[in-house]
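Okay, structure first, notes after.
The values are calculated or read from the model by the stated rules, or taken from the named source; none is laboratory data. Please read these numbers as outputs of a predicted model, since none were measured by experiment. Counting neighbours? That spans all protein chains shown, and the Cβs are built from the backbone with ideal geometry, glycine included.
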Amino acid sequence: MTIADRDELLTHTGDDPFIRYDVRLLPGYPPVRLGRAAGVVRLPMMRRAPHLTVIGPADDVDRLLQWYGSNGLPDGVRGVSVEQSQQEALRRSFDVGRGGDWDWMWTKTAPARVEEEDLLLELDDGRDARDVLRLNEIGSPTAESMPGEGMTEHWVGVRHEGDLVAAAAVHRTSGGAQHLTGIVVHPEHRGRRLGLAMTAHLTRRAVEQEGVCTLGMYSDNARARALYEGLGYRVAHSWASRAVRLRRDDDPVRGEGSSEAGDS
């Protein structure tokens, strides 16, 4: 029932791009398979705790979730992600708490250059951290770029009269792929295509260097979706990430709430 290694996992999941580019197998957490479904413990971005992702056809995912519900979650795991269309199966096996809905996207196509890229500057993770934090507070308080903490390997941004008015970061997934995050534009400078310029530039850089670029977005962000799809990104999975705990027979199911995505 366990999967021996990464190659077997990729074969079992049909070389799924999320598995290939976002997942590194963790020592002591072998993936579990049941039918065509697989349960994989991964390290999410943002230094969060290990998280279980269950992937596969709906019927087999339902059966595997029931198996976890009966046998327990792996040590330290307190959250589960399934396709948004499979949330009822999650509720049948666990007491479901808060979480978020998000899409994992990827591209292997380098987008065309846009004129506004001429405005971009390289930023420094340490020296410019305070300015990025200030921009995030104004433009996107939930931004996950973590400036100044050594998580970002490449920054770009735009300054206007000395003030930072746009910034975007590149992190690494646990699977090793470049991952765009923290794409923020000051509200007073939106409409200038600065988000498009930063995303196009960083995507092209990643694809030219390594052949792929990934990102995660909240599923209800229609504006961001249009931008990313226009640059060639495709949705591989629409995840529902939820805090869970094993259900006791006398335990009512708690309603799920909305918060920032658990592992984008």
Item to complete: Could you pull out every one of the helices (runs of 4 or more DSSP H) wholly within the stretch 1-102 that has 3 or more residues that are farther than 19 Å from G175 by Cα?
Response: 58-71, 87-93
Discussion item. Restricting to the stretch 66-87, name every residue that is out of contact with any helix residue (DSSP H, G or I) (no Cβ under 8 Å at 6 or more places or on another chain) and within 15 Å of W239 (Cβ to Cβ).
Written reply: G79, S81, Q84, Q87
Worksheet item: Among the residues of the stretch 38-58, is any over 19 Å from the mean Cα position of the chain (by Cα), modelled with pLDDT of 95 or more and within 16 Å of A89 (Cα to Cα)?
Response: yes
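Residue-by-condition table, conditions (1) over 17 Å from the mean Cα position of the chain (by Cα); (2) touching a residue at least 24 places away in the same chain (Cβ under 8 Å); (3) within 19 Å of V185 (Cβ to Cβ):
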site	(1), (2), (3)
E116	yes, yes, yes
E122	yes, yes, yes
R127	yes, no, no
E137	yes, no, yes
G148	yes, no, no
W155	yes, yes, yes
A167	yes, yes, yes
T173	no, yes, no
Worksheet item: What do you reckon, is E83 out of contact with any Asp or Glu (no Cβ under 7 Å at 6 or more places or on another chain), modelled with pLDDT of 95 or more, among the charged types (D, E, K, R) and assigned by TED's automatic domain parsing to the domain that holds A200?
Response: no
Item to complete: Provide a single number: the residues in the stretch 18-38 that are crowded, with 20+ Cβ neighbours inside 10 Å and under 27 Å from M151 (Cα atoms).
Response: 6
